[in-house]
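The values are calculated or read from the model by the stated rules, or taken from the named source; none is laboratory data. From a predicted model like this one, the values you see are computed outputs, not experimental measurements. Cβ placement follows ideal geometry from the backbone for every residue including glycine, while neighbour counts extend to all protein chains displayed.
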Amino acid sequence: MNFNERLEKACNGCDKIPPYGQGRQVVIAKMLGVSQEAVRKWFAGESKPRSASMHALANILDVEHVWLALGTESSETQRFREIARTQDAGLYCFTAYLIKNGFSVAYSKEPSETSDIIAIRDGEVSKFKVTCAESSSLTKVDNAKWAKSQVKEGTVLAGCLDISTELGRLDYAFYDLTAIPVGCNAKAPILNLEPK
């Protein structure tokens, strides 16, 4: 569905906007403070509103901005928001570590997938679930207990532990939390993924 089709659909479902042929373009132009010609072009599929106008238009029509602008359903964007919440600085730092060591990486997008990163090097596929902890919890890895329960067979639970924030820099150490039993306070071995 093109933008102009989504605009038409949203207008038809909004009681603040008059029906087609009864001044719809004039009303929208006045509400947004734009020219009627600009609105005409939107309905004709010749152009789209700028970002601020798109947000205001979505509010007026009481529809999701992302749907109006891109055609993406709210449920789909919600799924990506849930995935994004689990992906923090440690995950991206670990990604950089993988790339530096010759892996090609991709982020898992399926909610049913328990790994955060799929990494490929020399034709071999590896999966990683990433959890973060401060350096003070090196021996406890309490948050690993929760993450470990969600790790599927064949997925490495990588612990990204913040070891320094000096001079505005973040440094991480990476540990294989899969190698220690749940409930054990033993220190996890450093995860070494450098090429052999």
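So which residues in the stretch 9-59 are surrounded by fewer than 16 Cβ atoms within 10 Å (Cβ to Cβ), part of a helix (DSSP H, G or I) and under 29 Å from the mean Cα position of the chain (by Cα), if there are any at all?
Across the stretch 9-59, the qualifying residues are Lys9, Ser51, Ala52, His55, Asn59.
From the residues in the stretch 89-125 that are within 19 Å of Gly159 (Cβ to Cβ) and charged (D, E, K, R), which one is surrounded by the most Cβ atoms within 10 Å (Cβ to Cβ)?
Asp116
Under 7 Å between Cβ atoms, which residue pairs at least 6 apart in sequence (or on different chains) link something in the stretch 33-46 that is of a type in the set (S, T, N, Q) with a partner that is buried (at least 16 other Cβ atoms within 10 Å of the Cβ)?
Close Cβ pairs (under 7 Å, with a partner that is buried (at least 16 other Cβ atoms within 10 Å of the Cβ)) amount to Ser35/Ala29; Gln36/Gln25; Gln36/Ala29.
Given the criterion surrounded by fewer than 10 Cβ atoms within 10 Å (Cβ to Cβ), at pLDDT below 80 and more than 20 Å from Ala89 (Cα to Cα), identify the matching residue among Lys152, Lys196. So that I can check it myself, show each step before the final result.
Values: Lys152 fails: surrounded by fewer than 10 Cβ atoms within 10 Å (Cβ to Cβ).
After applying the criteria, what remains is Lys196.
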